[in-house]
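Enquirer: Take this structure, written in structure tokens, and hold onto it; I'll ask about it next.
The values are calculated or read from the model by the stated rules, or taken from the named source; none is laboratory data. This is a predicted model, so every value here is computed, not measured. For neighbour counting, all protein chains shown are included, and Cβ atoms are generated from backbone atoms with ideal geometry for every residue, glycine included. Side chains are part of the model used for accessible areas, which takes the heavy atoms of the whole protein and leaves out ligands, DNA and RNA. Shrake-Rupley method; radii C 1.70, N 1.55, O 1.52, S 1.80 Å.
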Amino acid sequence: MPSATVNKPRPSELLSRLTSAEPEVKVRALREVKNQIIGNRTKKLSFLKLGAVPAVAGILADSIDDVTENNNCNNDSNNTNNILVQSAAALGSFACGFDAGVQAVLDAGAFPNLLRLLANPNEKVVDAVARALRMIYQSRLAPKYDFLQQKNMEFLISLLNSEKENVSGLGASIITRSCETNLEQKALFDAGILRKLNSLLEGGSLSQRDASLESLATIFRNNPEVISKFAGPEIGRPLSSIIDLAKDRYPRTRLLACMCLIVIRNASPHFLQDIGIKTKLIHILLELLDDPGQVGDEAPFAFSSLIAQKEDLQKLALEANAIDKLHHHIKKGSLHPRRYEGILLALADMCSKLESCRSKFLSLQVLNLVADALTDYNAGVRAAACICLKSVTRSIKNLSAGYFMNETIMIPLVQLFLDPSTSVQVAALGATSNIVVDFTTRKSIFVQCGGMKQLVQLAKSMESSVRSNALWALKNFVFQADNRLKEGVFSELTASLLSSLIRDPEPSVQEQALALVRNLVDGCINLIEFVFAEDGLILGAIGRQLQCASKAEIGIQGMYALCNVASGNEFHKEAVMQLLFTQMGDKHQSFVIKFLQSNDSQLCTATVWTIVNLTCPSSPGAPGRLEKLRNAGIVSQIKNMVNDPCVDVKVTIFFIFQICFLFASLFWLT
């Protein structure tokens, strides 16, 4: 006999049933709404557009009032409790893993009513409400609690002390989303919260252990003081408990325990120094990549946070065949975007420091797969591919071999300059900044791909991060480039644009614009004429910027630009001298003296080299310039720097005097 087909009610039909006066009809409608939307984002959107969340939130609010009115009527009370359970469950389903759903629940005013129901005498109601609130607290949109307020701390303690699994788990989830400052971390420790979380680690359910691990990681983050107290004898053997959970049979628990240990080690490197623990963490996280669900999606991010900027751990990971395993997962294809992004970032961290890792990366031909990721539909994946390229290209050896300056890499990379996502643009520019340093003759490929013109256009972007990174790439592109290429870049930029970028309101843009000028005028004497174009717009901009430089890096690049100009002919040297002695007013000290007195050795060095170029003995006007510098107190200041308390400055000046011994004997020491 053929089975009957059951047609599910349409969303609009279910919404009409929610208004029914019959409690049984309303309960069935709420249950059906919940069942239809669980794990189905499309269904959730359909119901959201029809206004289902405000309707369910309204039912919840009305039912809370009914609880008080029907307190003595068992039948009505049962109906009301059933409605409360189902409406809370439906709201939780809307919020689960869906920020639009969380926002809709908050906008409908359901959050305070859910909190009120935690005090309901019916256990099923409390459990359903706690579950719904935990779904909300999975999202970064969840309301935050200020734990420095006593009432909030008391509320949190009451949740954690509850014997109900979802209620205590809710307390841990609130910590994970709300604790943001060192003061809050310390307040939680002082209130005994860590002791309670540790007890849940050792004797709680699976759900409680996982929630506790997450909240502990939040309290530990960047706080060595709290970690030291937690690891001390006062609480017991908490670190051992977390290490044990890293070997738990449940993948999510293993991941969360690893993440907690990584947070501890990153904040307090003297903990977890045992090489066995480090190796075990690496192996566990690489094994978790095989998990087909969310754990496998998050594992590469945890792996990245473990090895980032740590050569010792990158070596251990290389020995554990991490690059081979990451490559294997990418090669399989059909990855969830989150996992794809994470694996690319993990590869980026693996290749960020060690040449051996980069060699392994290239030998496995991972580069071709990363090039494919540049055109992925997901913005996070595209950005991660660019970041990976940036790490792999931190190698003079590989740049010189010309592995990257080819159409397979450059065409999709240049196309990302116009990506709708700013983060992708910035990441693409970061990778380009390394690649265009290419020491071969292949720089013309970048021009042919339209890269150079695109960089000039991006230097005009409204986003300061894009402007800064575009200038950084241009600076590297013209580094040791031939005259014709530099002339092409300057003709695209123009003196007026470059001078405006030197005066940009953002210090990072100012610095890169000055660094670009420094590289443009380095080399042939004819290139120095760039700064005199359009009545000396660029030279004037440099002088004004140096007078009011907001940070040392701006002064360093500006002085090296002047240093290169001062290496030119008499006209160039006199122009620099005039600029150095241009004062904004009697109250303002010459920026040259300020720079020579700076604690930044690089700024001092750049300034001294500029003076050296201005007073080179082979130059006819050197004696006159030297006399002017002596009268301004600049020569005596440089002599004093030989005895500077800063070792870096002292060594630098001594080195310069050694190089310029003849010059010093003729001019400086007379």
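Enquirer: For segment 94-244, what is the accessible area per residue in Å², given a 1.4 Å probe and the full set of protein chains?
Expert: Result: 43 Å² per residue.
Enquirer: A further question follows. Compute the long axis of helix 601-614 from its Cα atoms, compare it with the longest principal axis of the Cα atoms of the chain, and write down the angle in degrees, 0 to 90, nearest 10.
Expert: 30
Enquirer: Can you tell me, using C-alpha contacts under 8 Å and at least 6 residues apart, the relative contact order of the chain as a whole percent?
Expert: 5
Enquirer: Quick one: which of 599-611, 354-366 comes out on top by average Cβ neighbours within 10 Å, and what's the full order, highest first?
Expert: Peptide ranking by packing, descending: 599-611, 354-366.
Enquirer: Related question: Averaged per residue, what accessible area in Å² does segment 432-580 show with a 1.4 Å probe, protein chains only?
Expert: With all protein chains present, segment 432-580 gives 38 Å² per residue.
Enquirer: Helix 647-659 versus the longest principal axis of the chain: what angle, 0 to 90°, nearest 10, using Cα atoms?
Expert: Tilt relative to the chain: about 30 degrees.
Enquirer: Additional query: Based on Cβ point charges of +1 for Lys and Arg and -1 for Asp and Glu, what charge dipole magnitude is obtained for segment 474-567 about its Cα centre, in debye rounded to the nearest 20?
Expert: With only Lys, Arg, Asp and Glu charged at Cβ, the dipole is about 180 debye.
Enquirer: Quote the relative contact order of segment 221-317 in percent (integer), defining contacts as alpha-carbon pairs under 8 Å separated by 6+ residues.
Expert: The normalised contact order for segment 221-317 reaches 24 percent.
Enquirer: Tilt of helix 533-547 relative to the longest C-alpha principal axis of the chain, in degrees (0 to 90, nearest 10)?
Expert: 70
Enquirer: If you don't mind, there's one more thing I want to ask. Tell me the carbon and sulfur percent of the accessible area for segment 326-466, rounded to whole percent, probe radius 1.4 Å.
Expert: The C+S portion of the solvent-accessible surface of segment 326-466 is 52 percent.
Enquirer: Net charge near ILE556, counting Lys/Arg +1 and Asp/Glu -1 over other residues with Cβ under 12 Å of its Cβ?
Expert: For residues surrounding ILE556, the net value is -1.
Enquirer: Let me ask something else. Can you list the HN-Hα couplings for segment 329-346, worked out from phi with the Karplus curve (6.51, -1.76, 1.60; θ = phi - 60°), rounded to whole Hz and with x for Gly and Pro?
Expert: 5, 5, 5, 5, x, 6, 8, 4, x, 4, 5, 4, 4, x, 5, 5, 5, 5
Enquirer: Can I ask one more? Specify the inter-centroid distance of segment 387-406 and segment 22-56, based on alpha-carbon positions, in whole Å.
Expert: A separation of 53 Å, based on Cα centres.
Enquirer: I would also like to ask the following. Ordered by residue, what ³J(HN,Hα) values in Hz, to whole numbers, does segment 80-85 give under the Karplus form 6.51 cos²θ - 1.76 cosθ + 1.60, where θ = phi - 60° and Gly and Pro are x?
Expert: 5, 4, 4, 5, 4, 4
Enquirer: With an 8 Å cut-off on Cα pairs and a minimum separation of 6 or more residues, tell me the relative contact order of segment 447-531 in percent.
Expert: 30
Enquirer: Shifting gears a bit: Counting only heavy atoms of protein chains, what accessible area per residue, in Å², does segment 280-362 have with a probe of 1.4 Å?
Expert: 39
Enquirer: As a test question: what accessible area, to the nearest 10 Å², does PHE147 have when a 1.4 Å probe is rolled over all protein chains in place?
Expert: Approximately 10 Å² of PHE147 is accessible to the 1.4 Å probe.
Enquirer: Related question: Which value, in debye to the nearest 20, gives the size of the charge dipole of segment 205-283 about its Cα centre, when Lys and Arg are +1 and Asp and Glu are -1 at the Cβ?
Expert: Roughly 240 debye, rounded to the nearest 20.
Enquirer: Can you pull the accessible area of ILE525 for me, 1.4 Å probe, Å² to the nearest 10?
Expert: 80
Enquirer: Related question: Determine ³J(HN,Hα), in whole Hz, for all residues of segment 510-520 in sequence, where each value follows from phi through the Karplus function 6.51 cos²θ - 1.76 cosθ + 1.60 and θ = phi - 60°; x replaces Gly and Pro.
Expert: My calculation for segment 510-520 gives 4, 4, 6, 5, 5, 5, 5, 4, 3, 6, 5 Hz in order.
Enquirer: Between their Cα atoms, which of LYS475/LYS650; LYS186/LYS278; LYS573/LYS639; LYS353/LYS460; LYS247/LYS331 are more than 25 Å away from each other?
Expert: Beyond 25 Å between Cα atoms: LYS475/LYS650; LYS186/LYS278; LYS353/LYS460; LYS247/LYS331.
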